[in-house]
Structures are given as structure tokens and as C-alpha cells.
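Colleague: Quick one: the structure is below, questions incoming.
The values are calculated or read from the model by the stated rules, or taken from the named source; none is laboratory data. Everything quoted here is computed from the prediction, not taken from an experiment. So basically every Cβ, Gly included, is an ideal-geometry build from the backbone, and we count neighbours across all protein chains shown. Just so you know, the surface numbers come from the protein's heavy atoms only, side chains and all, with ligands and any DNA or RNA stripped out. Shrake-Rupley method; radii C 1.70, N 1.55, O 1.52, S 1.80 Å.
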Amino acid sequence: MNKIYTIGLLVLIGSAFAKAQTLPTSKADSLMLRSIYDFNLTESKSYEWLDYLSNTIGGRLSGSLQAERAVTYTEKEIKKFTDRTELQSVLVPKWTRGTPEFAYIQLNDLSTINVNVCALGGSIPTREAGIKAPVIEVTSLQELSELGREQIEGKIVFYNRPMDPKKIQTFEAYGGCVDQRYSGAEEAGKYGAVAVIVRSMNLRLDDYPHTGAMSYGDSDVEDYIPAAAISTNDAEKLHTYLAIDKNLQFYLKQDCTVWGDVESHNVIGEIKGSTYPNEVIIVGGHLDSWDLGDGSHDDGAGVVQSMQVLHTLKTLGYKPLRTIRVVLFMNEENGLKGAREYAKQATLKKEHHIFALESDSGGFTPRGFSFDTSDDQMKVVESWKPLFKPYLIHYFEQGGSGADIGPLKASGTTLAGLRPDSQRYFDFHHAANDTFDAVNKRELELGAATMTSLIYLFDQYGIVNKRMD
């Protein structure tokens, strides 16, 4: 954007605020939203920041060197456009993948077919020589319990429940089958299984295995078994071969390690409110990511969009009424330790958070928001819909928000999540192809502009739910 245009834009914005007492509110707000979108589509730094996070730093699993480099980098950048920054200490789990996993199907003629697998986050390794055993296929945890120890003991359990393609909201499809990934090893270990293989959480057929968090729950250590994801193409292949030969063998070798907790940090930056500084509005995403790709969609996009909200408001000369804070949470992927620590410290400091917005659904074209709020407050939010219509933002629904801001709900904070188009999200989620080239610059910038617009409106009108003391 050239200098003359920038000066003209700032004059326009200043004029809009000067007339805010006499103009209909929607006029001043409409002018502000127009300036926010114009700025983000011409002068945003979000794509530049994401390039560095993805291509210079890479995957940022909590406890890793890359995660700490991301903490240092984002704090340095945030300092350039905020009044105050903070590194909030938090203990996070450390888990490393080790050497690449290897697996194959062995048929009854002893021929082998290599398949694509990856260890699930938090899994124990196989023994050094790997594991080879017969396979039993199930589609639910319930089916596992119905089979019982007699049919499961000594075998590898293959969880093969696909995401439901009939679900238009793909996060519903994900929620409908992710229990087999998270709890599959815990449940199979109770029946004497030697390992679990889980169909990747992916709506399309491809060769990418998708990792993700798993848990052994309250199982005894002796019941811990290795857990891995298999690509959707190879899940189909294994299913087909099992239909022909129930006695085939599956070989798995993985070299992961579970370490103790280590220190890391949430990254915080804020612009102090001019009128109600004790009322806090936050916007954020999670700084950690899985290690197979570079975490561009999950959640590098949310990180840089959240940073861009404050950068946009600062550069446009907007002076917020309330304190606006960006929070980059550590350890969303395998523990939520950063989210819990932030909420704990907010309670100890008696901070009054009136609104929290999270971006953790990828950097795709924004469609709108889901809100975790009361019916009365939702009516106020819905009154803003005409302001977003020129930008094709139409989705304003009550529902979930985001994992990292969830712990703030207990204090009565209104919560919201950015909702981009999700149809391609699970093509990349937790897989090696979640890389910078998968993110469209314009879509990323539109998301940041949409988030900034909502933060601006909450700052202007300050709607709050009743606090839960």
C-alpha cells in the first residue's frame, strides 16, 4: 500500500470515530470493518510470519527445540506492536518420535506389502526388533469389549471406523471416530492386545498417516501397548487382505520415547485499554504443533492470525477501550497444559476476561464464528451480521469455541471460535502434508481480518455474560 493511501485511510478511520456519537453506530462500524479488511489484504504480516514459523522453524511439538524457538520468535515480533509482553512459564509433556516407523502386511505366502504408519503421540515404542502378530479388525470400542480377551489376546487390534462423509460439518465427522485413536490402546491393552493400528482421521483416501494424541488412561504400565496410525489407503488395503486371509500377520516397529515434563511458555502480548483496562479481551491459537509436517494449518495459521489482530489495530491507530491481549498457548496438541495454566493465573490475578476468540480450524476461507454464550448475548452478536455480509461471512451459530480458551468458561467469559471452510482441513490435520504450501495467502488474510473485526466489535460494545464467582 502506498504512503498516500495509508494516510488517507487513517484520516478516514479517525473521521469515523470522531462522528461515532452522531452517526448511526453501524456507519462508523462499517467504515472500521472496511479499513480492517483493506489493511489485511494489502499490508498484513501474517503470511510472512507463517513462512518463518513453518519453513525456518518447522514442526513445534511441545518440549522440543523448535517449540522454544517459536516462543522466542513470536515474542520478539509481538513486542513490536504491543504495550507489554510476557512469557508465562508452564510445564509440558515431552515425547519424541525417534527413527521413522516401519510396517508391513505379511500374507500367508510370506510375501510382504509395506504400509504407511506413524506413531500416535504419547505412545510407547515397540521392542527393538518390532512386533509381528495376527490382526483383528474392529470398528468401535464397544465391538472390542464384545469380542473379549479370548479373541483379542496376543493380536494387533486394527480400528477401522472411517470419518462419516455424510457430515457436512467435518469436525462432527472427526468427533464421531476420534475415540478409537485416543482411547484405543487403553481399551485394547485390557484384553491382552500387543499393539493397535488406527485408521487415520482423514476423509479422503491417500498415503499420509495422521498422528494425534492418545492416552493410556488409568491403565497399569504393564498394559501399555504401542499405538500407531495407518494411512486411509493402507487401511483399505489391510481391510481387503483381512477379508481374504484372516491369518495374515502385521509387522510394526517404532522408536518413540516418553520423557518427563519440561518447562515451556505461553507467549502473551497486550494493548492496554484506554477506558476499561481491567476488562480483558483475548485472541489466540496454539503455538505447538505435531512433528510430521510444519503445522501451518494446525495451528500456525491461528497463531499468526491472532498476532495480526493486534498488529492491525495498532497500525490503524485504533485505541481500544478494553485491554486486548494475544495469547499463544503451548501444548494444545497433547495436554492443554498452557490453556490450564493461563486460566489458573487469570483466576489468581482476578482478571476479568469478557471475551475470548480462538483460531484453530486451519487457514482456509473464513465463514463465520461459533459462540459459546447465552441466548441474550447471542442476539446482540447476531445484530452484527449485516456488518459482515459484504465479506461473505454468514455463519453465526451457538456451539463450541476452542480447546485453549475452554478453561475460561468457568469465569463466565463469552467464548468464540473462528469457523473457516472445513472441507479440506482433515486432508492435512496432523499429517506430513500440513506444510506452508498448503495455505493460501488471501484466505489466511481474510481470516485475520474477520477475527479483527469481531474483536473490534466486542471492544466497542463489551457485552458480557453474568460472571460465575
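Colleague: For the cross-link pairs LYS27/LYS76; LYS45/LYS349; LYS167/LYS389, which exceed 30 Å when the distance is taken from alpha carbon to alpha carbon? Write out the running numbers ahead of the final one.
Modeller: Numbers: LYS27/LYS76 36 Å; LYS45/LYS349 32 Å; LYS167/LYS389 26 Å.
LYS27/LYS76; LYS45/LYS349, as the Cα separations exceed 30 Å there.
Colleague: By its C-alpha gyration tensor, with a ≥ b ≥ c as the square roots of the eigenvalues, how is the range 300-394 shaped: rounded for a/c under 1.5, else prolate for a/b larger than b/c, else oblate?
Modeller: In terms of gyration-tensor shape, rounded.
Colleague: Helix 65-78 versus the longest principal axis of the chain: what angle, 0 to 90°, nearest 10, using Cα atoms?
Modeller: With both axes taken from Cα atoms, the answer is about 10 degrees.
Colleague: Another question, if that's okay. Loop-only GluC sites (Glu not before Pro) in the range 127-201, please: DSSP not H, G, I, E or B, and at most 13 other Cβ atoms within 10 Å.
Modeller: GLU128, GLU153
Colleague: Still on this structure, please answer the following. Taking the 0 to 90 degree range and rounding to the nearest ten, how far is the long axis of helix 301-315 tilted relative to the main principal axis of the chain, both from C-alpha atoms?
Modeller: 10
Colleague: Given the C-alpha centroids of the range 38-117 and the range 269-338, what is the distance between them in whole angstrom?
Modeller: 16
Colleague: Just list whichever of LYS272/LYS350; LYS272/LYS319; LYS94/LYS132; LYS94/LYS337; LYS132/LYS155 have alpha carbons separated by over 20 Å in the model shown.
Modeller: As for pairs spanning more than 20 Å Cα to Cα, those are LYS94/LYS132.
Colleague: Could you please state how large a percent of the accessible area of the range 326-460 is carbon and sulfur, counting protein chains only and using a 1.4 Å probe?
Modeller: Details: 2360 of 4690 Å².
Answer for the range 326-460: carbon and sulfur cover 50 percent of the accessible area.
Colleague: If you don't mind, another one. Compute the helix-to-body angle for 337-348: its Cα long axis versus the longest principal axis of the chain, expressed 0 to 90° and rounded to tens.
Modeller: Around 40 degrees separate the two axes.
Colleague: With viscosity set to 1.306 mPa s at 10 °C, what whole-number translational diffusion coefficient in µm²/s follows for the chain from Stokes-Einstein and a Kirkwood radius over Cα pairs?
Modeller: Working: Rh = 23.3 Å.
Result for D is 68 µm²/s.
Colleague: Compute the Rg/Rh shape ratio of the range 186-260: radius of gyration over Kirkwood radius, all on alpha-carbon atoms.
Modeller: On the way: Rg = 13.9 Å, Rh = 14.0 Å.
In the range 186-260, Rg relative to Rh is 0.99.
Colleague: Of the listed peptides 439-451, 201-213, what is their order by residue-averaged count of other C-beta atoms within 10 Å, with the highest listed first? Could the numbers behind the result be given before it?
Modeller: Working: 439-451: 23.1, 201-213: 21.3.
So the order, starting with the most tightly packed, is 439-451, 201-213.
Colleague: Something else now. Would you calculate a helix-derived [θ] at 222 nm for the chain, using -39,500 (n - 2.57) for each DSSP H run of n ≥ 4 and dividing by the full residue count, to the nearest 500?
Modeller: -10500 deg cm²/dmol
Colleague: Counting Lys +1, Arg +1, Asp -1, Glu -1, what net charge surrounds GLU101 among other residues with beta carbon under 10 Å of its beta carbon? The partial results should precede the final answer.
Modeller: On the way: positive: ARG97, LYS253; negative: ASP255.
Combined, the nearby Lys, Arg, Asp and Glu give +1.
Colleague: Using a 1.4 Å probe, what is the accessible area per residue for the chain, in Å²?
Modeller: 41
Colleague: With θ set to phi - 60° and the Karplus curve 6.51 cos²θ - 1.76 cosθ + 1.60, what are the ³J(HN,Hα) couplings of the range 260-275 in order, to the nearest whole Hz, using x for Gly and Pro?
Modeller: Coupling constants for the range 260-275: x, 5, 10, 7, 9, 8, 7, 9, 10, x, 8, 10, 5, x, 8, 10 Hz.
Colleague: Also: When the Cα atoms of the range 215-344 are enclosed in a convex hull and the volume is divided per residue, what value in Å³ results? If you can, show how the numbers build up before the last one.
Modeller: Numbers: hull volume 22.5 nm³, N = 130.
It is 173 Å³ per residue.
Colleague: Taking all protein chains as present, what is the carbon and sulfur share of the accessible area of the range 124-172, in % to the nearest whole number, probe 1.4 Å?
Modeller: 51
Colleague: Then there is this: Determine, for each peptide in 400-413, 214-227, the mean count of other beta carbons within 10 angstrom over its residues, then list the peptides with the highest first. Intermediate values should be presented prior to the final figure.
Modeller: On the way: 400-413: 20.9, 214-227: 16.4.
Most protected by this proxy first, the peptides run 400-413, 214-227.
Colleague: Restricting to DSSP loop positions (anything but H, G, I, E, B) with no more than 11 other Cβ atoms inside 10 Å of their own Cβ, which chymotrypsin sites (Phe, Trp or Tyr not before Pro) remain in the range 256-334?
Modeller: Details: sites: TRP259, TRP290, TYR318, PHE329; in loops: TRP259, TRP290, TYR318.
Answer in residue order: TRP259.
Colleague: Could I get the Rg over Rh figure for the range 100-235? Both from C-alpha atoms, Rh via Kirkwood, rounded to two places. It would help to have the intermediate numbers written out before the result.
Modeller: Working: Rg = 14.3 Å, Rh = 15.0 Å.
Dividing the radius of gyration by the Kirkwood radius yields 0.95.
Colleague: In terms of the Cα gyration tensor, with a ≥ b ≥ c the square roots of its eigenvalues, is the range 31-90 rounded because a/c is under 1.5, prolate because a/b exceeds b/c, or oblate? Could you put the intermediate results ahead of the total?
Modeller: Values: a/c = 3.11, a/b = 1.70, b/c = 1.83.
In terms of gyration-tensor shape, oblate.
Colleague: When a/c reaches 1.5 or more, the comparison of a/b and b/c decides; with that in mind, is the range 384-461 rounded, prolate or oblate per its Cα gyration tensor? Display every interim value, and only then the final one.
Modeller: Values: a/c = 2.20, a/b = 1.31, b/c = 1.68.
Judged from the Cα gyration tensor, the range 384-461 comes out oblate (a/c at least 1.5, b/c at or above a/b).
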